[in-house]
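Trainee: Provided herewith is a single structure, encoded as structure tokens, for subsequent inquiry.
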Amino acid sequence: MAIERTLSIIKPDAVAKNVIGKIVSRFEAAGLKIVAAKLVHLSRNEAEQFYAVHKERPFFKDLVEFMISGPVFVQVLEGENAIAKNRDLMGATDPKKAAAGTIRADFADSIDANAVHGSDAPETAANEVAFFFAGLNVYAR
Ligand code: RTP
Ligand code: MG
């Protein structure tokens, strides 16, 4: 199986709840390594750029407002099948539909304030890693 890199964001709701450590522990327990990390408060422009793929969706404005409402903890995770593994750990977008024991089931309040972001495919992972960590290798060696 391929060693991949993926982008994870612990969103403002989870940072405000003081559960960065609990969420990071789940990545570590699943065998994902943190190869880069930083706490940042996104500007409106950065949040709009990051979620540009959703700019025509009805929830775009609320999504941007939420993502700039407080600091976020951004990480690059590396490991076997890291992109899908991270998405499995996160659970479904809507926490009401997220499987028991997933990050969103345990820490998210709503489909808007849903605790974490994770890249959804190899191409988006490469773009998202480069967006936050210029100069970092987007693929594992
Ligand atoms: P993410 O990109 O944040 O990891 O979440 P995702 O892949 O599970 O979901 P996606 O479809 O990419 O949507 C991005 C974020 O937009 C918000 N959203 N709200 N109200 C709605 O119907 C709705 N749908 C999506 C969520 O916060 C979602 O994480
Ligand atoms: Mg997404």
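The values are calculated or read from the model by the stated rules, or taken from the named source; none is laboratory data. For clarity, every value in this text was computed on a predicted model and none was experimentally measured. No Cβ is skipped: glycine too gets one built from the backbone with ideal geometry, and neighbour counts run over all protein chains shown. Quick note on the areas: whole protein, heavy atoms, side chains included, nothing else; ligands and nucleic acids left out. Shrake-Rupley method; radii C 1.70, N 1.55, O 1.52, S 1.80 Å.
Trainee: For region 24-51, give me each residue that is away from ligand 2 (no atom under 16 Å from the Cβ), open to solvent by 50 Å² or more (accessible area, probe 1.4 Å) and part of a helix (DSSP H, G or I).
Mentor: Of everything in region 24-51, those that are away from ligand 2 (no atom under 16 Å from the Cβ), open to solvent by 50 Å² or more (accessible area, probe 1.4 Å) and part of a helix (DSSP H, G or I) turn out to be S25, R26, E28, A29, R44, N45, E46.
Trainee: Name the residue that is most open to solvent (accessible area, probe 1.4 Å), counting only residues in region 52-86 that are more than 13 Å from ligand 1 (Cβ to nearest atom) and among the acidic types (D, E).
Mentor: Restricting to residues being more than 13 Å from ligand 1 (Cβ to nearest atom) and among the acidic types (D, E), the top hit is E80.
Trainee: So which residues in region 1-31 are closer than 19 Å to A130 by Cβ and under 14 Å from the mean Cα position of the chain (by Cα), if there are any at all?
Mentor: Going through region 1-31, the residues closer than 19 Å to A130 by Cβ turn out to be 2-9.
R5, T6, L7, S8, I9, listed by residue number.
Trainee: Can you find, within region 54-67, the residue that is farthest from A140 (Cα to Cα) among those that are among the hydrophobic types (A, V, I, L, M, F, W, C) and free of Cβ contacts under 8 Å to residues at least 40 places away in the same chain?
Mentor: Of region 54-67, the ones among the hydrophobic types (A, V, I, L, M, F, W, C) are 59-60, 63-64, 66-67.
Going one step further and asking which of them are free of Cβ contacts under 8 Å to residues at least 40 places away in the same chain, we end up with 60, 64.
Values: F60: 32, V64: 30 Å.
Filtering region 54-67 for residues that are among the hydrophobic types (A, V, I, L, M, F, W, C) and free of Cβ contacts under 8 Å to residues at least 40 places away in the same chain, the one farthest from A140 (Cα to Cα) comes out as F60.
Trainee: Which of the helices (runs of 4 or more DSSP H) found entirely inside region 75-141 contain at least 1 residues meeting this: away from ligand 2 (no atom under 16 Å from the Cβ) and within 20 Å of I20 (Cβ to Cβ)?
Mentor: Working: elements: 82-90, 103-107, 122-132.
Correct list: 103-107.
Trainee: Scan region 100-130 for residues that are open to solvent by 60 Å² or more (accessible area, probe 1.4 Å) and either within 13 Å of ligand 1 (Cβ to nearest atom) or in contact with a His (Cβ under 6 Å, 6 or more places away or on another chain) (or both) and report the count. It would help to see each step written out before you state the result.
Mentor: Quick first cut of region 100-130, residues open to solvent by 60 Å² or more (accessible area, probe 1.4 Å) only: 100, 106, 109, 111-112, 120, 122-123, 127.
After this cut, where a residue has to be either within 13 Å of ligand 1 (Cβ to nearest atom) or in contact with a His (Cβ under 6 Å, 6 or more places away or on another chain) (or both) as well, the list is 109, 111-112, 120, 127.
Matching residues across region 100-130 total 5.
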